[in-house]
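Notes to accompany the following structure.
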Amino acid sequence: MFKKTLIFSLIVTLMLVGLCTVASAAQNVANTSQKGSLLIFPKIVVGNGWDTVVAISNDYFTEVWIKCYWVDRDQEIQDFQFRVTRNQPIWIRASDGLGSGSTGDKEQNPIAVPPFLFDSPDGELKCWAVNYDNDPSGQISFNHLYGNAVLLNYERGLAFQYNAWAFAARNVALGNPVGSPGTMVLSGSTTDPTYDACPQYLLFNFLSGGSNIAADDTRAYFSGPELALIPCSQDLRQDRLPTCTKAKFDIWNENEAKYTGAYQCLKCYFEDYLPNLGRTRDPNSGKPTGFGGEKFLYTNLHTTLARFRTTGVASTVCRNIFTTPNTVYGPGVDKCKSQVATPLIGVMFSGVKFGSPPQNPDDFQSLFGTTGSTAGTGAATTILWDPQALPPEAPTR
């Protein structure tokens, strides 16, 4: 009896140890349901009736400085910084940069930053905690930030909200530097001062373009997925280099039939209606930037629901796609001479119209979407930026 009891106790102990090991070995991967020191908003849109309101909150009892970069699809940047007080939520409107306390509200600490003003109507926003008390040059650990973005179309009465991707600082005490100033490593290391890694790949369920669902003699027609993707490896310095990769798509319909071959070449940023893959061309080279958009349509999937998996891979197929303009001296030069394999993060949304079929992909009455699901730990990546140097003092005499 004693022997059986001992064996049983040993088994229970091993099971508990195993559970503790699993818990302690949890992957340090960014997601959209946690707080962090770095926030990324993959979809910012301004113009053609659209605007974006960004909300960032501080869930802590001390203030913190935030460094941000607007980035458009051409990798043009606009940086700014502001202070968030203890336990404060703030908001910023992308079209004019105005926000909390700056639009007539009688509040302290008004927020007013440069607007999202680029030739391209859409892009992303990156924000992270920095230390402006002792060393203004570096990023710090402050895992108490979270946020969301609201996309508004005032002309059509449409709105859509998503949570920011949050990256926690790991192995660093609150307020301390995370790595070298200007170099943010996203690796999810369990020992080194770093940020969460990006996921190895993204997973999305979607209602296929052209499909519909009926209930009580009313049909809901779906436009198909629109996707915004950004590479986790990115250069935001003044003398920056573009991050070029290929988003590879694997698609499955309800009958487990797998569709492969769809892809999108991207330079720093991608946003488009996925059935357009292969139809969109670079304005300088004239070459299509992707392939296989028809695989997201009901006419090819033959099922209402489908899913896809996407990740960033290096590929020669994306060479000479994104080029500089042609001149009298010769053809344009490839902007993406080197391709990299990089994890991706993003947000997907779709349109729905009730009663009658849409006339085009933009003919819908409401929006819905998701930041998707994730799996695995992606390869280590970096975000590079130009830190601010300490101001010099007057020379002593």
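The values are calculated or read from the model by the stated rules, or taken from the named source; none is laboratory data. Predicted model, so just to flag it, every value in this text is computed and none were measured. Using ideal geometry, Cβ is built from the backbone for each residue, glycine included, and neighbour counts are taken over all protein chains shown.
Points worth noting:
- Residues in region 96-107 that are farther than 14 Å from Ala55 by Cα and at pLDDT 70 or above: 1 in all.
- Residues (of a type in the set (S, T, N, Q) and surrounded by fewer than 16 Cβ atoms within 10 Å (Cβ to Cβ)) located in region 133-180: Asn134, Asn153, Gln161, Asn171, Asn176, Ser180
- Pick from region 54-73, criterion within 16 Å of the chain's Cα centre (by Cα) and not basic (Lys, Arg), ranking: farthest from Val113 (Cα to Cα): Asp72
- Pairs, first under 30 Å from Thr32 (Cβ atoms) and in contact (Cβ under 8 Å) with a residue 40 or more places away in the chain in region 348-360, second surrounded by fewer than 17 Cβ atoms within 10 Å (Cβ to Cβ) and of a type in the set (Asp, Glu), C-beta under 7 Å, six or more apart: Lys353/Asp363
- Checked against the criterion of being within 29 Å of Val46 (Cα to Cα), hydroxyl-bearing (Ser, Thr, Tyr) and not assigned by TED's automatic domain parsing to the domain that holds Gly355, the candidates Tyr162, Tyr269 yield just one match: Tyr162.
- Whichever residue in region 237-256 is at pLDDT 95 or above and out of contact with any helix residue (DSSP H, G or I) (no Cβ under 8 Å at 6 or more places or on another chain) and, among such residues, is surrounded by the most Cβ atoms within 10 Å (Cβ to Cβ): Ala247
- Among the conditions (1) crowded, with 17+ Cβ neighbours inside 10 Å; (2) closer than 22 Å to Phe167 by Cβ; (3) touching a Leu at 6+ places or on another chain (Cβ under 9 Å), Asp386 misses just one, which is (1).
- Listed by first and then second residue, the pairs with beta-carbon distance under 9 Å, at least 6 apart or on different chains, first residue in region 382-397 and more than 30 Å from Ala341 (Cα to Cα), second surrounded by 10 or more Cβ atoms within 10 Å (Cβ to Cβ) and acidic (Asp, Glu), are Leu390/Asp135.
- The residues in region 206-261 that are among the basic types (Lys, Arg), farther than 21 Å from Gly372 by Cβ and assigned to a strand (DSSP E or B) can be counted, and the count is 1.
- For the residues Lys353, Lys337, the requirement of being farther than 30 Å from Ala30 by Cβ and either surrounded by 14 or more Cβ atoms within 10 Å (Cβ to Cβ) or basic (Lys, Arg) (or both) singles out Lys353.
- Residue within region 186-194 that is in the same structural domain as Arg309 (by TED's automatic domain parsing), touching a residue at least 24 places away in the same chain (Cβ under 8 Å) and under 30 Å from Gln78 (Cα atoms) present: no
- Count of residues meeting criterion [closer than 18 Å to Ala228 by Cα and of a type in the set (Asp, Glu)] in region 38-59: 1
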